[in-house]
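Report on the structure given below.
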Amino acid sequence: MGCGNGRTMDTMDQVIPGFRQVPRTGVIYVMHEAAQLGFRYGHPEWANLGQGSPETGPLEGAPPRVDHLDIAAGSHAYGPIEGDRVLRQKVADLYNSLYRKDKESQYSYENVSIAGGGRLALTRVVAALDNINLGHFIPDYTAYEELLSGFKTFIPIPILLDAGAGYKISLAALRHEILGHGFNALLMSNPANPTGQLAEGNELKAWVKTARELRCTLILDEFYSHYIYTGSPSDCKMVSAAAYVDDVNADPIIIVDGLTKNWRYPGWRVSWTLGPKSVIEAIASAGSFLDGGANHPFQHEAIKLLDPEVTRQETRAIQAAFRLKRDYVLERINAMGVEVESDPEGAFYVWANLSKLPAPLNDGLEFFRAGLEHKVITVPGVFFDVNPGRRRPRARYQHYCRISFGPEMASLVRGMDALEAMIRKHS
């Protein structure tokens, strides 16, 4: 059925008392629709350009992939709600090594909480928020919509990022938004999903300073923080707000990351939240009623992956492979007449403007549906118009879609060929 902002939603066969319709997130929705037409993971004829995860196989120069798991007897029991203490300290040590060698204030295990994946980590964070105004950007990650509407203690308020400004916000505009709306907290992904835009260096440092001065908590989704394409390919650049925190227990900076993207183990569902000790205690309390704690056996295996040199080796391999894939996709879709207003500086998505394509392909939903006929999957742009509670009646980004270069190169080639054939058919 249709909904107020123009999205397509699932219907329930029967109305069961007490339950509401819960929409699928953008990626899950397109996977469901594709599955009705024969898509399955690993199908040799399909190209999943809607993919929200990176390829998980071997990459040239990367550490060997984990291919088996030995489970200690103690791991069959519940783990601590806040996560295994050894893993928590390993996360803290990694951030201290990568970003804080010259800092007096250092993270410890008390600044880290482990959860079962990024969405759950963010759910714990927002469950612990007070009765506040919470800012969030649009476009942004599709799952934020239900995440921000599921709890009634805070009011989510959108900040529109403009294509003309490269989907970025100036420091002056950021301060204006914080002060004007009375934000106590601000949620953002960096690099951003779906635009791939990045705040780094002095810009990110200024954001952290502003949060400190205005006492506005920054909740930073840094799941793509090793997929960075600015600078030299040999830089092995990683970006984190942790580098600019003065006092780990006083600065209002909350960082969420995990093994899903930066270590390419999405199926492990191991994530962490890094922040002041008082916040970690609060979100652990939230975890005690939300989920009961992360997968216990995988936490022990994760410890081995967080060695700084192993992390750098994986990052170098990621950036070499994904930069090539990014450039390939940009070249192919530009040749098809698809506009990209800002080339991605990070992550593994292209935010594609379809407005110059012939109708009906200039609409993201129609582009997606036509793609299914050619066995290629994209994500319509309307899913990134984060609209908690459907308070805004009009949807944005009807003429956009997100194209992922997360899959392996062979799948990208197949997908680009399919899109080219689809567009040629409608020309």
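Residues in the stretch 287-303 that are in contact with a Pro (Cβ under 8 Å, 6 or more places away or on another chain) and closer than 16 Å to K261 by Cα: 0 in all. Against the conditions (1) crowded, with 16+ Cβ neighbours inside 10 Å; (2) assigned to a loop (DSSP other than H, G, I, E, B); (3) touching a residue at least 60 places away in the same chain (Cβ under 8 Å), P360 satisfies every one except (1).
The set of residues in the stretch 81-108 being under 25 Å from S288 (Cβ atoms) and either modelled with pLDDT under 95 or of a type in the set (V, I, T) (or both) consists of I81, V86, V91.
What number of residues within the stretch 104-114 are touching an Asp or Glu at 6+ places or on another chain (Cβ under 7 Å) and buried (at least 22 other Cβ atoms within 10 Å of the Cβ)? Here the count works out to 2. If the condition is being among the β-branched types (V, I, T), more than 13 Å from R88 (Cβ to Cβ) and buried (at least 24 other Cβ atoms within 10 Å of the Cβ), then the stretch 256-282 contributes only V256. Looking at the stretch 322-350, which of its residues are in a helix (DSSP H, G or I) and within 24 Å of A199 (Cβ to Cβ)? Hits for the stretch 322-350 are F322, R323, K325, R326, D327, V329, L330. Say whether the condition of being within 21 Å of the chain's Cα centre (by Cα) and among the acidic types (D, E) is met by at least one residue in the stretch 296-315. Yes: the stretch 296-315 contains one or more residues that are within 21 Å of the chain's Cα centre (by Cα) and among the acidic types (D, E).
Name every residue in the stretch 378-394 that is in contact with a Leu (Cβ under 6 Å, 6 or more places away or on another chain) and either in the same structural domain as F137 (by TED's automatic domain parsing) or surrounded by fewer than 24 Cβ atoms within 10 Å (Cβ to Cβ) (or both), in order of residue number.
Scanning the stretch 378-394 gives a single hit, P388.
Do we find a residue being within 20 Å of K325 (Cα to Cα), of a type in the set (S, T, N, Q) and modelled with pLDDT of 95 or more anywhere in the stretch 409-427? The answer is yes, given that some residue of the stretch 409-427 is within 20 Å of K325 (Cα to Cα), of a type in the set (S, T, N, Q) and modelled with pLDDT of 95 or more.
Test R323 against the criterion of being surrounded by fewer than 19 Cβ atoms within 10 Å (Cβ to Cβ) and either within 21 Å of L98 (Cα to Cα) or among the hydrophobic types (A, V, I, L, M, F, W, C) (or both), and give yes or no.
Values: surrounded by fewer than 19 Cβ atoms within 10 Å (Cβ to Cβ): yes; either within 21 Å of L98 (Cα to Cα) or among the hydrophobic types (A, V, I, L, M, F, W, C) (or both): no.
Criteria not met by R323.
Would you pick out the residues in the stretch 327-356 that are within 17 Å of the chain's Cα centre (by Cα) and either outside the structural domain of P407 (by TED's automatic domain parsing) or more than 21 Å from R369 (Cα to Cα) (or both)? Residues satisfying the conditions are P344, E345, G346, A347, F348. Filtering the stretch 257-289 to residues that are hydroxyl-bearing (S, T, Y) and either closer than 10 Å to E82 by Cα or touching a helix residue (DSSP H, G or I) at 6+ places or on another chain (Cβ under 8 Å) (or both) leaves T260, Y265, S271, T273, S285, S288.
Residues are listed down the side, and each one gets a yes or a no for (1) within 24 Å of the chain's Cα centre (by Cα); (2) assigned by TED's automatic domain parsing to the domain that holds A284:
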{"site": "H68", "(1), (2)": "no, no"}
{"site": "G79", "(1), (2)": "no, yes"}
{"site": "E82", "(1), (2)": "yes, yes"}
{"site": "R85", "(1), (2)": "no, yes"}
{"site": "R88", "(1), (2)": "yes, yes"}
{"site": "D93", "(1), (2)": "yes, yes"}
{"site": "L98", "(1), (2)": "yes, yes"}
{"site": "K103", "(1), (2)": "no, yes"}
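Counting only residues that are under 23 Å from E146 (Cβ atoms) and assigned to a helix (DSSP H, G or I), the stretch 373-427 holds 7 of them.
Considering the stretch 161-201, the residues that are among the acidic types (D, E) and out of contact with any Gly (no Cβ under 8 Å at 6 or more places or on another chain) include one that is surrounded by the most Cβ atoms within 10 Å (Cβ to Cβ), namely E200. Mind checking whether some residue in the stretch 130-147 is under 21 Å from the mean Cα position of the chain (by Cα), under 21 Å from H300 (Cα atoms), in the same structural domain as G292 (by TED's automatic domain parsing) and surrounded by 23 or more Cβ atoms within 10 Å (Cβ to Cβ)? No, every residue in the stretch 130-147 fails to be under 21 Å from the mean Cα position of the chain (by Cα), under 21 Å from H300 (Cα atoms), in the same structural domain as G292 (by TED's automatic domain parsing) and surrounded by 23 or more Cβ atoms within 10 Å (Cβ to Cβ). If only residues of the stretch 64-103 that are in a helix (DSSP H, G or I) and of a type in the set (D, E, K, R) are counted, the one that is surrounded by the fewest Cβ atoms within 10 Å (Cβ to Cβ) is R85.
Can you confirm whether E301 is at pLDDT below 95 and under 15 Å from K90 (Cα atoms)? For E301, the condition - at pLDDT below 95 and under 15 Å from K90 (Cα atoms) - is met.
Restricting L306, L372 to those that are under 30 Å from P23 (Cα atoms), surrounded by fewer than 23 Cβ atoms within 10 Å (Cβ to Cβ) and touching a residue at least 60 places away in the same chain (Cβ under 8 Å) reduces the list to L372.
Of Y144, Y95, Y99, all but one fail to be of a type in the set (S, T, Y), closer than 30 Å to A395 by Cβ and touching a residue at least 60 places away in the same chain (Cβ under 8 Å); the exception is Y144. Y144 falls short of the stated requirement of being touching a strand residue (DSSP E or B) at 6+ places or on another chain (Cβ under 8 Å) and on the phi > 0 side of the Ramachandran plot.
The values are calculated or read from the model by the stated rules, or taken from the named source; none is laboratory data. Keep in mind it's a predicted model, so treat the numbers as computed, not measured. Here the Cβ is made from the backbone with ideal geometry for all residues, glycine too, and neighbour counts use every protein chain on show.
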